[in-house]
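Student: Take a look at this one; I'll ask things after.
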Amino acid sequence: MIILTRLNGEQFAVNCDLVERVDAHPDTVLTLVDATKYIVAESLTEVVIRVRDFRAGVLVRSAELQHRLPVDAATFPPDTFPPGAVPPVTPLRIVNHGDEG
């Protein structure tokens with residue numbers, strides 16, 4: 001869930017998996033899959049960033065659980081990471097298939 005702010009300043013949490021669309025005209029309006037609408041103080045860009053960060057956090061936590069890492073494994077400096085443990089985040093290598101040849 002992500003935390004957003006109503007125009008009156010009250011915060012609420014919304015399940016970002018239920019967000020169908022986000023519009024900005026000029027207020028930011030979230031439309032859920034059941035057609036419920038919420039007007040929020042955050043910009044469209046901020047809502048997208050919060051959804052992206054939430055989903056990234058789910059992936060990181062999933063990797064932690066898969067590798068049985070402690071919850072705070074990401075806070076270990078690289079030289080003190082527990083022996084035999086796999087870091088929770090692996091750098092990705094971008095491959096552009098159009099450049100192969």
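Student: Take Ile3 and tell me if it is part of a strand (DSSP E or B) and modelled with pLDDT of 60 or more.
Tutor: yes
Student: Right, something else. Of everything in region 60-81, what is surrounded by 12 or more Cβ atoms within 10 Å (Cβ to Cβ) and at pLDDT 80 or above? Give them in sequence order.
Tutor: Answer for region 60-81, where residues must be surrounded by 12 or more Cβ atoms within 10 Å (Cβ to Cβ) and at pLDDT 80 or above: Val60, Arg61, Ala63, Glu64.
Student: Right, next: Do the conditions hold for Glu20, that is, is it within 19 Å of the chain's Cα centre (by Cα) and at pLDDT 95 or above?
Tutor: Yes; evaluated as a whole, the condition is true for this residue.
Student: Give just the number: which of (1) modelled with pLDDT of 95 or more; (2) surrounded by 15 or more Cβ atoms within 10 Å (Cβ to Cβ); (3) of a type outside the set (A, V, I, L, M); (4) under 19 Å from the mean Cα position of the chain (by Cα) does Tyr38 not satisfy?
Tutor: With (1) modelled with pLDDT of 95 or more; (2) surrounded by 15 or more Cβ atoms within 10 Å (Cβ to Cβ); (3) of a type outside the set (A, V, I, L, M); (4) under 19 Å from the mean Cα position of the chain (by Cα) applied to Tyr38, the lone miss is (4).
The values are calculated or read from the model by the stated rules, or taken from the named source; none is laboratory data. Computed from a predicted structure; not experimentally measured. Note that we place each Cβ from the backbone using ideal geometry, even for glycine, and neighbour counts take in every protein chain shown.
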